[in-house]
Amino acid sequence: MTRLPADYRVRSATTADLPEVVSLFDALDAVYGLAPATDIELLRGLFQVPGFDSERNTWLIATDGGELAGYGDVEERPEEGSVAAFGRVHPDHRGKGLGRGLLSLMESRASAIAAGRPLTIRTSTIAQDERALALLGARGYRHVRDFLHMERSLDDLGTTELPPGVAIRSFQEGDGPLFHSIESRAFHGQWGVSARPFQEWEERHLSGERFQPEACFLAEHQGRPAGMLIGRGWTVEAWVDSLGVLEKFRGHGIGGALLEQAFRVFQETGYRQVALNVDSANPTGAKRFYEGHGMHVRRHWVVLNKPLPDSMPPYG
């Protein structure tokens, strides 16, 4: 096992630990002048992903006195060809080797998950965290992408009309294969995305407490399925997980209509803020699209990849 300083201990995390984990993330954000942004329900959602093994895929580092000093998790993401790793060290405990230790634990587990398959380990950090970027660079990670966390207030929504020929309805029982098909085709060929079999996709998006059908919408253009949006509400803010429009239906205002519909439903439910993540190099101009609907960048994430042992990165 990876060596840690003598006065620190490591164990797996449980959902009971998540309030402390959120506090750790908030403390690190404060160092860089960022407002708290971690919703505990987003973390709890990871523990609810079908097949996620919190015993083997999460780590807490704490002092002998029980003070939380670090947190990490890994999750296989077949549609990205990667094992996602996410780790943070409390600012009061940096400079003691905890980041290196946590990274070693995550890499070891990611290698076991990959079992020689051609996967990468993928991680991310905020652009301001130069210490984390330096550590990752020294360990062989390379910058592959930038993602932007965007948000907007729901307090000042205006009235909008549907574009001609466009109709939107909420998710209905039996819509799963249709939503899956639209998303798979809409994102085909985009960076880091490959098709996921329907059963795996359904387990991740349309099952358990994470699934909120009233926040998911299908758009039709002249009676033909054209686009879909998958959203959900967390504790603090609403979230857009996925928004896709089939290529042949783009340019008709369908994406904007779906987004505005979700904004209104979230507002009526009592949310005052909505957020999403977007690839800054998205070929469809997604950042400009979201800015056109009142959203702005809250933080900048740097995404880094590293080949796992005995494997080669599938893309890069």
Quiz item: Which members of region 190-224 meet the condition of being on the phi > 0 side of the Ramachandran plot and either of a type in the set (S, T, N, Q) or at pLDDT 85 or above (or both)?
Solution: 222, 223
Quiz item: Mind checking which residues of region 1-42 are within 22 Å of residue 55 (Cα to Cα), outside any loop (DSSP other than H, G, I, E, B) and touching a strand residue (DSSP E or B) at 6+ places or on another chain (Cβ under 9 Å)?
Solution: 8, 9, 10, 11, 17, 20, 21, 23, 24, 25, 41, 42
Quiz item: Can you tell me which residue in region 268-289 is farthest from the chain's Cα centre (by Cα), limited to those that are within 23 Å of residue 167 (Cβ to Cβ) and open to solvent by less than 70 Å² (accessible area, probe 1.4 Å)?
Solution: 289
Quiz item: Assuming residue 72 fulfils every condition listed in (1) within 21 Å of the chain's Cα centre (by Cα); (2) small (Gly, Ala, Ser); (3) part of a loop (DSSP other than H, G, I, E, B) apart from one, which condition is it?
Solution: (3)
Quiz item: Restricting region 36-69 to residues that are among the aliphatic types (A, V, I, L, M) and more than 18 Å from the chain's Cα centre (by Cα), which is farthest from residue 95 (Cα to Cα)?
Solution: 60
Exercise. Collect the residues in region 256-301 that are in contact with a strand residue (DSSP E or B) (Cβ under 6 Å, 6 or more places away or on another chain), within 19 Å of residue 212 (Cα to Cα) and part of a loop (DSSP other than H, G, I, E, B), keeping them in residue-number order.
Key: 271
Practice problem: Report, by residue number, each residue of region 146-169 that is crowded, with 17+ Cβ neighbours inside 10 Å and touching a Ser or Thr at 6+ places or on another chain (Cβ under 8 Å). | Solution: 147, 148
Exercise. Starting from region 65-79, keep only residues that are at pLDDT 95 or above, then list their pairs with residues that are open to solvent by 60 Å² or more (accessible area, probe 1.4 Å) whose Cβ atoms are within a distance under 6 Å, requiring at least 6 positions of separation or different chains.
Key: 68/20
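The values are calculated or read from the model by the stated rules, or taken from the named source; none is laboratory data. Remember, it's a predicted structure, so these values are computed and weren't measured experimentally. Glycine also receives a Cβ, built like all others from the backbone with ideal geometry; neighbour counts cover every protein chain displayed. Side chains included, ligands, DNA and RNA excluded: accessible areas come from the protein's heavy atoms. Shrake-Rupley method; radii C 1.70, N 1.55, O 1.52, S 1.80 Å.
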